[in-house]
Amino acid sequence: ESFRLGFGRNHDVETNDAEEPLISSSQERALVPDEFKIQYKNSVLRSMVLNFKRYITLWKRDKGYIIGKIAENVGMASAAGGILAGKARIKIDPSILWTSNPEDVDSVYEMTCAIYGVFYLTLWHLSQGTMINASDELDVRTINYKHIDANFFQTTSMAVGRTLATLPQRSMEIFAFAIPVYFLVNLNRTAAGFFVFLAVIFAFTLALNVFYSTLSNILPNKATVQGVGTFFLLLMTQFGGFIVY
């Protein structure tokens, strides 16, 4: 075939009218090397362990933060326990029958208010601390996005690994606050009562950690996370059924 090009000159060009054979999608996949077919080199469990070790390493390096949070919780526990020191128990003479006199009624009322008051102060303190720490998740989120885009780790493994890596710090904060408060207020000094108290607080803190981590991953910036988190903290404070002593 010939066509006109440029200044009116004819150029002869050979064309191949034969169409190339079509390749099916299965044949195209067969042509891709096997190493490119694997999206992630590590399994979900292996990636979760790697992320857990990474965040634990970063956490252990920041010794100033760890010591500061322990001192903060011990100080808050001393203040809360000092206000309600010994209020969670009253002395009752078993040889004397219970009478509904004003003194006994007031004593039981003060004891009830003290118990609910220490629960309120404990859960409010832990909620506030978890909410403040939630904004730090936004700094980690950028790194996570880069790792996910590069197919380093699965999203599930990063989320679970990060959550598990926060448990040591949360446990230290719980022990530093709950143990002094429990004995200063003079709550039930039995092994069962003490461990149930710690278990309830630990489960509550873990639920808060997951909740605020979810907020930090779906909201755009730190200011929004703090604002929405404060709103939910207000709702829990107002409608949680606690009594402030």
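The values are calculated or read from the model by the stated rules, or taken from the named source; none is laboratory data. Because the structure is predicted, anything quoted here is derived from the model rather than measured. FYI the Cβ positions are ideal-geometry reconstructions off the backbone, even for glycines, and counts take in every protein chain you see. The accessibility values were calculated without ligands, DNA or RNA, using every heavy atom of the protein model including side chains. Shrake-Rupley method; radii C 1.70, N 1.55, O 1.52, S 1.80 Å.
Checked against (1) open to solvent by 10 Å² or more (accessible area, probe 1.4 Å); (2) closer than 26 Å to Val225 by Cβ; (3) in contact with a Gly (Cβ under 9 Å, 6 or more places away or on another chain), Gln154 passes all but condition (3).
Residues of segment 153-191 that are more than 17 Å from Ala114 (Cβ to Cβ), outside any helix (DSSP H, G or I) and touching a residue at least 60 places away in the same chain (Cβ under 8 Å): Phe153, Gln154, Thr166.
Flag: Glu137 does not match the condition of being among the charged types (D, E, K, R), more than 25 Å from Tyr40 (Cα to Cα) and touching a residue at least 40 places away in the same chain (Cβ under 8 Å). Remark: pairs (first residue in segment 214-228, within 13 Å of Asp136 (Cβ to Cβ); second residue charged (D, E, K, R) and not in a helix (DSSP H, G or I); Cβ separation under 6 Å; 6+ apart in sequence or on different chains) are absent.
Listed conditions (1) farther than 27 Å from Gly86 by Cβ; (2) aromatic (Phe, Trp, Tyr); (3) surrounded by 18 or more Cβ atoms within 10 Å (Cβ to Cβ) are all met by Phe239, apart from (3).
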